[in-house]
């Protein structure tokens with residue numbers, strides 16, 4: 001171990017203690033690989049396995065099993081084979097818990113790289129712990145604005161150790177407008193935005209949906225932020241009915257949308273288009289809504305029809321999704337691709353880092369990534385701000401096909417390389 005690395009570890013422990021960490025900090029000098037017969041790289045993984053956004057993690061066991069198989073023979077770095085150990089912990093859909101388990105992975109498990117996914121309630125506290133402790137970190141499954149500005153990021157400076165890949169609010173707005181453009185419905189849009197990192201970003205008057213929707217000729221009716229896990233949307237529904245809203249949009253967790261959609265039916269609010277981020281991504285959630293799920297729509301980050309393949313296993317998106325269906329008996333779900341891609345990027349970084357004992361060297365390898373993954377290209381030299389790179393986004397609709405609902409891509413103007421599978425149908 002170099003003197004530089006010893007100093008880095010001591011600095012991380014001192015900084016965290018100074019911030020009032022409640023977790024006892026063990027000695028965190030990095031485990032030496034100098035004399036190990038089979039040196040080990042540790043990857044920490046944080047994911048909301050339980051709690052309100054657990055739908056994001058339905059494929060975790062499948063993805064982790066496949067990654068472990070891909071890593072079984074080790075990864076080569078500078079002519080030497082390294083075994084890879086993945087330590088996965090549940091954030092419980094709680095940002096405080098996410099921060100706590102990230103600290104455990106860094107201080108107790110002494111991971112070399114930490115990865116996290118699924119909403120800013122997980123990505124942001126994990127990235128903050130990694131930044132404080134100067135541990136290389138890669139995150140995804142969160143629009144880049146809630147990730148970057150939600151962490152008080154400065155575009156001129158960026159972050160030191162933490163990197164993110166996903167699409168942005170400008171992309172989801174463009175995809176939604178593309179999908180709605182030929183519908184012919186009244187351009188009064190009901191906005192549903194929770195009082196959380198995602199909702200505040202999506203509903204922000206300048207950086208969120210309102211300004212670009214207004215520029216495109218839409219009138220957004222925003223009754224203000226509601227509290228997550230709300231059980232009463234009567235005031236919002238009343239405002240939307242009074243304004244004659246025929247489109248509903250926003251960003252909601254699954255329990256909140258289920259409550260809203262049930263109450264909308266009870267109170268006679270019948271919009272023709274319902275395009276909601278987050279809640280309507282997952283087959284399990286949509287199927288739980290019964291017949292009234294037919295026609296609901298959302299952004300689509302990844303699907304079996306995306307024309308990309310894994311750099312790690314060479315499986316196509318279609319093959320990866322098909323394996324999930326065959327192995328689990330469940331319908332494919334969008335996070336499969338991004339959870340897999342997290343480890344594609346981590347593996348690529350491990351192979352290219354000049355010195356795996358030096359966190360700064362690992363960070364340099366992340367920053368120089370240029371990799372074609374199962375979700376598309378990941379290249380941090382492309383922006384839009386430091387530490388962030390974007391992946392392609394389309395939009396689509398849940399449509400009844402036979403006895404099942406299928407997520408059909410209906411709008412692809414932002415990513416024409418991803419084929420459409422049908423046209424938007426108004427909710428009857």
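The values are calculated or read from the model by the stated rules, or taken from the named source; none is laboratory data. All values reported here derive from a predicted model rather than from experimental measurement. For neighbour counting, all protein chains shown are included, and Cβ atoms are generated from backbone atoms with ideal geometry for every residue, glycine included.
Is one or more of the residues making up the stretch 70-87 part of a helix (DSSP H, G or I), at negative phi and modelled with pLDDT of 95 or more?
yes
In the stretch 322-334, is there at least one residue being modelled with pLDDT of 95 or more, more than 25 Å from residue 283 (Cα to Cα) and assigned to a helix (DSSP H, G or I)?
no
Residue 182 passes all but one of (1) touching a residue at least 60 places away in the same chain (Cβ under 8 Å); (2) loosely packed, with under 15 Cβ neighbours inside 10 Å; (3) more than 22 Å from residue 428 (Cα to Cα); which number fails?
(3)
Do the conditions hold for residue 339, that is, is it surrounded by fewer than 17 Cβ atoms within 10 Å (Cβ to Cβ), at negative phi, in contact (Cβ under 8 Å) with a residue 24 or more places away in the chain and not in a loop (DSSP other than H, G, I, E, B)?
no
Does any residue in the stretch 131-152 that is within 18 Å of residue 195 (Cβ to Cβ) come within less than 7 Å, Cβ to Cβ, of a residue that is in a loop (DSSP other than H, G, I, E, B) six or more places away or on a different chain, and which pairs are these?
Every condition considered, the pairs that remain are 142/119; 142/166; 143/166; 143/167; 143/168; 145/168; 145/207.
State the number of residues belonging to the stretch 259-283 that are closer than 26 Å to residue 302 by Cα, in a helix (DSSP H, G or I) and out of contact with any strand residue (DSSP E or B) (no Cβ under 9 Å at 6 or more places or on another chain).
Residues flagged as closer than 26 Å to residue 302 by Cα, in a helix (DSSP H, G or I) and out of contact with any strand residue (DSSP E or B) (no Cβ under 9 Å at 6 or more places or on another chain) within the stretch 259-283 amount to 0.
If residue 329 passes every condition in (1) surrounded by fewer than 18 Cβ atoms within 10 Å (Cβ to Cβ); (2) in contact with a strand residue (DSSP E or B) (Cβ under 8 Å, 6 or more places away or on another chain) but one, which one does it miss?
Of the numbered conditions (1) surrounded by fewer than 18 Cβ atoms within 10 Å (Cβ to Cβ); (2) in contact with a strand residue (DSSP E or B) (Cβ under 8 Å, 6 or more places away or on another chain), the odd one out for residue 329 is (2).
Yes or no: the stretch 232-242 includes at least one residue that is in contact with a helix residue (DSSP H, G or I) (Cβ under 7 Å, 6 or more places away or on another chain) and over 29 Å from residue 50 (Cβ atoms).
Taking every residue of the stretch 232-242 in turn, at least one turns out to be in contact with a helix residue (DSSP H, G or I) (Cβ under 7 Å, 6 or more places away or on another chain) and over 29 Å from residue 50 (Cβ atoms).
Would you point out which residue out of 282, 269 is under 24 Å from the mean Cα position of the chain (by Cα) and in the same structural domain as residue 188 (by TED's automatic domain parsing)?
The match here is 282.
Give the stretch 239-298 a look and list any residue that's within 28 Å of residue 58 (Cα to Cα), surrounded by fewer than 16 Cβ atoms within 10 Å (Cβ to Cβ) and at pLDDT 95 or above, or say none.
Those that are within 28 Å of residue 58 (Cα to Cα), surrounded by fewer than 16 Cβ atoms within 10 Å (Cβ to Cβ) and at pLDDT 95 or above: 258, 262.
Considering each residue of the stretch 146-205, count those that are closer than 17 Å to residue 222 by Cα and assigned to a loop (DSSP other than H, G, I, E, B), and give that number.
Qualifying residue count, the stretch 146-205: 8.
Please verify whether residue 157 is surrounded by fewer than 24 Cβ atoms within 10 Å (Cβ to Cβ) and in the same structural domain as residue 94 (by TED's automatic domain parsing), treating the condition exactly as stated.
When the stated conditions are applied, residue 157 passes them.
Among the residues of the stretch 398-413, is any outside any strand (DSSP E or B), touching a residue at least 60 places away in the same chain (Cβ under 8 Å) and in contact with a helix residue (DSSP H, G or I) (Cβ under 8 Å, 6 or more places away or on another chain)?
Yes, some residue in the stretch 398-413 is outside any strand (DSSP E or B), touching a residue at least 60 places away in the same chain (Cβ under 8 Å) and in contact with a helix residue (DSSP H, G or I) (Cβ under 8 Å, 6 or more places away or on another chain).
One line per residue, one yes/no per condition, for (1) in contact with a helix residue (DSSP H, G or I) (Cβ under 9 Å, 6 or more places away or on another chain); (2) crowded, with 19+ Cβ neighbours inside 10 Å:
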| site | (1), (2) |
| --- | --- |
| 45 | yes, yes |
| 57 | yes, yes |
| 64 | yes, no |
| 68 | no, no |
| 74 | no, no |
| 106 | yes, yes |
| 121 | yes, yes |
| 127 | yes, yes |
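Pick out the one residue from 356, 371, 312 that is in contact with a strand residue (DSSP E or B) (Cβ under 8 Å, 6 or more places away or on another chain), assigned to a loop (DSSP other than H, G, I, E, B) and not assigned by TED's automatic domain parsing to the domain that holds residue 293.
356 is the lone residue from the list that is in contact with a strand residue (DSSP E or B) (Cβ under 8 Å, 6 or more places away or on another chain), assigned to a loop (DSSP other than H, G, I, E, B) and not assigned by TED's automatic domain parsing to the domain that holds residue 293.
Of all the residues that make up the stretch 191-222, how many are in contact with a strand residue (DSSP E or B) (Cβ under 8 Å, 6 or more places away or on another chain) and over 21 Å from residue 93 (Cβ atoms)?
The number of residues fulfilling the criteria is 10.
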